[in-house]
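Values in this text are rule-based calculations from the coordinates and carry no lab data. For clarity, every value in this text was computed on a predicted model and none was experimentally measured. Note that we place each Cβ from the backbone using ideal geometry, even for glycine, and neighbour counts take in every protein chain shown.
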Amino acid sequence: MISTDPEIDPRKCVVGIACAAQAVQDGHLVNVFFASHAVRLLQTDYIMNIDGKVGEAAGTAAEFLKTLVTGAQAVHCSGGSQRVVGVSPENADEVLVGGYELNWAGPAAVVSLSGYADVVLTF
């Protein structure tokens, strides 16, 4: 689960995505849930511009996210948090990184996913 506001601690957010991507690369079944203002990390423009804030080469965070999009069991996000930053299922294709089916959910999904997980990491 990534819930840190990337405007407050962008490095922590990129580290969270990197750890989830590494778990995918290592063959683990990964479900990642983006909540609160961390849902911005799913926005194409946002993820493409975060590297400069965290001292990484351009495209690094986007590659981590691409690994999640293509290899995670599922990517989930808070629908309420998305609405707060102006994203809805109706405009998601225009704003969010594509190539996967995003599971719009809420606290019940966080609890359910955590209950079934062998390991839970939060950033």
Residues that are small (Gly, Ala, Ser) and within 12 Å of Leu121 (Cβ to Cβ), drawn from the range 22-43: Ala23
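If you go through the range 38-55, how many residues are over 16 Å from Ala92 (Cα atoms) and surrounded by fewer than 17 Cβ atoms within 10 Å (Cβ to Cβ)?
Qualifying residue count, the range 38-55: 6.
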Candidates Glu94, Glu90, Glu56, Glu101 - the one that is under 15 Å from Cys13 (Cβ atoms) and among the charged types (D, E, K, R): Glu56
Residues being surrounded by 14 or more Cβ atoms within 10 Å (Cβ to Cβ) and of a type in the set (S, T, N, Q) - total across the range 1-37: 4
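Only residues that are within 16 Å of Tyr46 (Cα to Cα), part of a loop (DSSP other than H, G, I, E, B) and over 15 Å from the mean Cα position of the chain (by Cα): list them for the range 89-121, please.
Selection gives Asn91 alone.
Let's see how each residue does on (1) out of contact with any helix residue (DSSP H, G or I) (no Cβ under 9 Å at 6 or more places or on another chain); (2) touching a residue at least 40 places away in the same chain (Cβ under 8 Å); (3) surrounded by fewer than 18 Cβ atoms within 10 Å (Cβ to Cβ); (4) not acidic (Asp, Glu):
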| position | (1), (2), (3), (4) |
| --- | --- |
| Ser78 | no, yes, no, yes |
| Gln82 | no, yes, no, yes |
| Val85 | no, yes, yes, yes |
| Ser88 | no, no, yes, yes |
| Asn91 | yes, no, yes, yes |
| Tyr100 | no, no, yes, yes |
| Asn103 | no, no, yes, yes |
| Ala108 | yes, no, yes, yes |
| Val111 | yes, no, yes, yes |
Candidates Ile50, Ile2, filtered to the one that is within 11 Å of the chain's Cα centre (by Cα) and among the β-branched types (Val, Ile, Thr): Ile2
Enumeration of residues in the range 46-83 that are among the charged types (D, E, K, R) and either within 19 Å of Tyr100 (Cβ to Cβ) or assigned to a helix (DSSP H, G or I) (or both): Asp51, Lys53, Glu63, Lys66, Arg83
